[in-house]
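Written below as structure tokens is the structure these notes are about.
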Amino acid sequence: MNRVCAVCLAVLLMCAPAAMAQEKKKGGDATRSVSGQVVSAEGTGVGGAVVYLKNVKTVAVRSFITKADGTYYFHELSPDLDYELRAESKGASSPVKTLSAFDTRKQAVINLKLAAK
């Protein structure tokens, strides 16, 4: 009987790292992203605009310079935090928009419209 218990224990110990790795992998997928387009007051995409993403909890700010068509993308965001987004280009800026922790989308889309100067 002791030999059977020892074999079972050895099998469990060998399987534990694999089970822990699977759990870690599941947790690693628990991020979200936000993308969108910065448009002018007239509605055209604004290339070269700067989009700021602020973590409301830590006040850390990330930035992205939009592509030629005005698109931007931020990835690996925590689903448990609120973020504020705003855009600036040539003296014009957009109103601040919030990506809330209550927003359950994995890939949120938030477009930003620059106010007329």
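A few points about this structure:
- Sole exception among (1) farther than 20 Å from residue 108 by Cβ; (2) under 16 Å from the mean Cα position of the chain (by Cα) for residue 82, by number: (1)
- Answer from 46, 50, 59 - the residue that is exposed (fewer than 13 other Cβ atoms within 10 Å of the Cβ) and more than 14 Å from residue 108 (Cβ to Cβ): 59
- Pair list, Cβ < 8 Å and 6+ apart or interchain, from the stretch 92-104 residues that are in the same structural domain as residue 47 (by TED's automatic domain parsing) to residues that are small (Gly, Ala, Ser) and assigned to a loop (DSSP other than H, G, I, E, B): 92/40; 92/41; 92/115; 92/116; 93/115; 94/115; 95/115
- Qualifying residue in the stretch 70-81 (condition: part of a strand (DSSP E or B) and touching an Asp or Glu at 6+ places or on another chain (Cβ under 7 Å)): no
- Candidates are the residues of the stretch 82-97 that are in a strand (DSSP E or B) and among the hydroxyl-bearing types (Ser, Thr, Tyr); the one that is farthest from residue 40 (Cα to Cα) is 83.
- Those residues of the stretch 50-69 which are touching an Asp or Glu at 6+ places or on another chain (Cβ under 6 Å), part of a strand (DSSP E or B) and of a type in the set (Val, Ile, Thr), in sequence order: 50
- Verdict on residue 56 being within 15 Å of residue 100 (Cα to Cα), at pLDDT 95 or above and over 13 Å from the mean Cα position of the chain (by Cα): yes
- So residue 113, is it of a type outside the set (A, V, I, L, M) and touching a residue at least 40 places away in the same chain (Cβ under 8 Å): yes
- Any chance residue 40 is over 24 Å from residue 105 (Cβ atoms), assigned by TED's automatic domain parsing to the domain that holds residue 83 and modelled with pLDDT of 90 or more: yes
- Residues satisfying the stated conditions in the stretch 91-114, i.e. loosely packed, with under 11 Cβ neighbours inside 10 Å and either farther than 17 Å from residue 34 by Cα or at pLDDT below 95 (or both): 91, 104
The values are calculated or read from the model by the stated rules, or taken from the named source; none is laboratory data. Quick caveat, the model's predicted, so the values are computed rather than measured. Using ideal geometry, Cβ is built from the backbone for each residue, glycine included, and neighbour counts are taken over all protein chains shown.
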